[in-house]
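Undergrad: Supplied in structure tokens, the structure appears directly below.
Here, each number is a calculation from the coordinates, and none is a lab measurement. All of these numbers come straight from a predicted model, not from anything done at the bench. We place every Cβ from the backbone using ideal geometry, glycine too, and count neighbours over all the protein chains shown.
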């Protein structure tokens with residue numbers, strides 16, 4: 001079904017042992033545990049195709065900020081007093097290249113939907129930000145007096161956000177082309193998805209419904225109401241059956257093409273609403289979860305052992321990453337977007353600016369964040385704009401506890417940070433969206 005838009009013992013945090021890895025510094029209560037190696041070996045071709053950053057993205061060796069360390073110590077003690085052990089928590093806080101504080105910073109913990117940041121990075125490493133997934137519309141006969149004398153053939157192109165509105169606008173364009181009835185069949189070829197359904201038969205059934213307003217469900221009707229007032233209600237009748245095929249009919253001729261939203265906008269919608277289906281779909285387009293992990297680790301400049309994924313969405317506790325890796329992913333994503341004159345705000349929700357799953361949480365205004373939740377897992381990562389430290393990059397991963405408690409303590413900690421470092425009165429330039437409004441639309445062209 002489519003959507004309308006497209007958690008008392010004190011812990012040592014000072015006098016920390018230092019572990020080194022790729023020349024990066026980290027501190028912890030005693031020695032920070034080293035992550036376990038990933039079970040699958042690296043895919044060499046994927047690593048070679050994903051160059052590491054020329055300089056480390058996460059903080060270099062340096063004594064952490066005593067004030068921040070004290071705040072993290074109080075945070076961990078508070079969780080401990082509520083029954084949630086410190087060895088199930090991980091944090092990493094840095095500004096620019098300065099480590100402000102950390103706890104178990106290199107230990108992979110369940111990442112939940114922070115996985116989507118890795119998926120976003122891997123997708124942008126594979127495709128250009130403006131890449132659009134094309135659904136090609138073909139016919140096998142002429143159009144005579146409003147009747148297509150043949151089959152309507154839909155050649156899928158892995159668009160992860162082809163929904164009711166997409167079918168409706170496509171139907172409008174086909175009617176403009178003169179089609180009222182398809183005398184033949186509706187044939188689905190290749191990876192055509194609709195309303196987050198990847199089964200081509202189901203997707204085809206949904207498309208047939210979307211092309212004819214007389215067969216719309218209540219959900220489809222509701223989505224029609226989101227289109228511009230006065231939009232044509234398409235009425236294209238499929239007289240034949242709905243078939244799937246592995247190959248395009250030899251007699252098929254191009255009629256129209258539907259180009260998806262640009263990739264950056266797909267990622268923005270995926271992350272704002274934490275859409276698991278879209279994330280898994282995009283992960284498959286870049287080679288699957290294993291490829292996403294390899295590409296993301298290479299681009300972020302962290303060991304592969306710190307990003308362990310079995311899917312692209314985060315719907316598994318086997319998806320794990322370290323707090324440091326989560327920060328590195330955010331930094332790498334920001335850097336990659338800047339190369340295309342885009343910002344994190346073009347792919348992540350900005351608190352107070354965007355609607356989405358973070359809208360109801362009392363988080364600091366103007367922070368660009370991604371959250372993650374499983375039954376006993378809560379995670380939060382992103383960037384916090386401040387007066388004292390500029391952009392502060394942070395990751396908090398909580399496991400084996402009460403999600404409501406974890407969320408409340410995350411929110412409290414960020415507000416404490418902001419109280420120390422000063423809030424901004426307006427959205428800073430590095431966190432302003434830059435994708436031009438006309439580009440935030442799918443495109444249909446008749447051929």
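Undergrad: How much of the DSSP bridge set in the chain is antiparallel, in percent, rounded to the nearest 5?
TA: Roughly 80 percent of the beta bridges in the chain run antiparallel, per DSSP.
Undergrad: Evaluate region 255-408: find the radius of gyration of its Cα atoms, find its Kirkwood radius, and give the ratio Rg to Rh.
TA: 0.96
Undergrad: Starting from the Kirkwood Rh over alpha-carbon pairs, what translational D in µm² s⁻¹ does region 134-260 have by Stokes-Einstein at 25 °C and 0.890 mPa s?
TA: 172 µm²/s
Undergrad: Starting with the fewest neighbours, write out 173, 81 ranked by other beta-carbon atoms found within 10 Å of each beta-carbon.
TA: 81, 173
Undergrad: Right, another one. Can you give the calculated 222 nm mean residue ellipticity of the chain, where each DSSP H run of n ≥ 4 adds -39,500 (n - 2.57) and the sum is split over every residue, rounded to the nearest 500 deg cm²/dmol?
TA: That calculation yields -9500 deg cm²/dmol at 222 nm.
Undergrad: Only bridges with both residues in region 134-260 count here: give the DSSP antiparallel percent, nearest 5.
TA: Once the DSSP bridges in region 134-260 are tallied, antiparallel ones form about 55 percent.
Undergrad: How long are the semi-axes of the ellipsoid equivalent to region 90-177, from square roots of 5 times the Cα gyration tensor eigenvalues, in whole Å, largest first?
TA: Listed largest to smallest, the semi-axes of region 90-177 are 49, 12, 11 Å.
Undergrad: Oh, and also: Which whole-number percent is the relative contact order of region 134-260 (Cα, under 8 Å, 6+ apart)?
TA: So the answer I get is 36 percent.
Undergrad: How many Å³ per residue does the convex hull of the Cα positions in region 349-447 occupy?
TA: Values: hull volume 13.0 nm³, N = 99.
That works out to 131 Å³ per residue.
Undergrad: Could I ask something else about it? Treating the Cα atoms of the chain as identical point scatterers in vacuum, please give the log10 of the normalised Debye intensity I(q)/I(0) at q = 0.06, 0.12 Å⁻¹, two decimals.
TA: -0.29, -0.95
Undergrad: What number, in percent, do you get for the relative contact order of region 292-447 if the mean sequence gap of Cα pairs under 8 Å and at least 6 apart is divided by its residue count?
TA: 20 percent
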